[in-house]
Amino acid sequence: MKILRNIILFGISVFMLASCGTVALTGRNQLLLYSDSDILSLSEQSYQEFCTTAVASSNANATNVVKGVCSNLLTAMSDYFTKTGQQHYMADLNWRCDLVKSNEVNAFCMPSGKIVVYEGILSYANTPDLLAVVIGHEIAHAIARHSNERMSRQMAVETIGNAVLTAAAGSGKYTSAQLNSFNTALGIGSQYGLILPFSRKQEYEADRIGLILMAMAGYDITKAVELWEKMSADGGSSVPAFMSTHPTDAKRIANLNKCMTEAIKYHPKYEEYVKASQTAKSAK
Ligand SMILES: [Zn+2]
């Protein structure tokens, strides 16, 4: 079993060499086997389906606040990418931001740039800074092309895995029960789509990029830990939809704290921040 797994991992690394992308702001290499246009048209189709049943919030004030936070984050990000010659990270993305009527505690950003915030999440994210934590995190998944990466990985595993398994089954070396358990271990046959929960690695990366976007737009990045802890503590027996895909634990909080030092450097008032913390230190 270990040999088969190694062969598959080797195959994935061959795919990686063939179709590598680089994640915005973190520089991590990623596997992207789908074209941006494929992902965008799938994403637009999903969004249109969502819109057939979604109802816009009638709370004008809250809608303005949500749209304002989206706009601030997107403008700051766009300015940064333009200034640094990295506009390609936003190419083809067609941004739109809406607050929808629903008590569900949820929010998402489609890979095509459609941001949707549910009224239910406002009971936790009830200030612009806290909203920026949620929205920044969701925008991060889109610009980091996490959906494409997840689907690509699954495609690579299925393609290589099936070829190896067919060969192995033909040689009579493995029983069908062994092959089934191998399939299960690799997640072969599991349903995949655009709004599947992301992997832990992608979640940590979206936290990291989200903090950077918040800092670029001048929001208080320290609110991130407060928001995740607040949502986690209130989860109780009925875990909100958002929390079921965004479990908060000590590792997630530690990762957020680790990313603060990097993110704050993107803040427009970074120098003032450094001066203030030096003054505070010397006063101790
Ligand atoms: Zn996420």
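We did not get these values from a lab; they are worked out from the coordinates using the rules stated. Quantities reported herein were computed from a predicted structural model and do not represent experimental measurements. No Cβ is skipped: glycine too gets one built from the backbone with ideal geometry, and neighbour counts run over all protein chains shown.
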Eigenvalues of the Cα gyration tensor times 5, then square-rooted: what semi-axes does that give for the range 42-99, in whole angstrom, largest first? 26, 18, 4
Students often forget the sequence filter, so: which aspartates and glutamates lie under 20 Å Cα-Cα from residue 201 once same-chain residues fewer than 8 apart are removed? 138, 149, 229, 249, 262
Sorted from fewest to most neighbouring beta carbons within 10 Å, what does the list 222, 53 look like? 53, 222
Tell me, 133, 23 in order of fewest to most beta-carbon neighbours within 10 Å? 23, 133
Highest first, please rank the peptides 140-146, 54-60 by the mean number of other Cβ atoms sitting within 10 Å of their residues. 140-146, 54-60
Interchain or sequence-distant (5+) residues whose placed amide H lies within less than 5 Å of the amide H of residue 28 are 23
³J(HN,Hα), Karplus 6.51/-1.76/1.60, whole Hz, each residue of the range 106-118, x for Gly, Pro: 7, 6, 8, 10, 5, x, 8, x, 8, 9, 10, 10, 8
What ranking, highest mean first, results for peptides 260-268, 275-283, 97-105 when packing means the other Cβ atoms within 10 Å averaged over each residue? 97-105, 260-268, 275-283
For residue 33, enumerate residues with amide H under 5 Å from its amide H, sequence gap 5+ or separate chain, H modeled in the peptide plane. 152
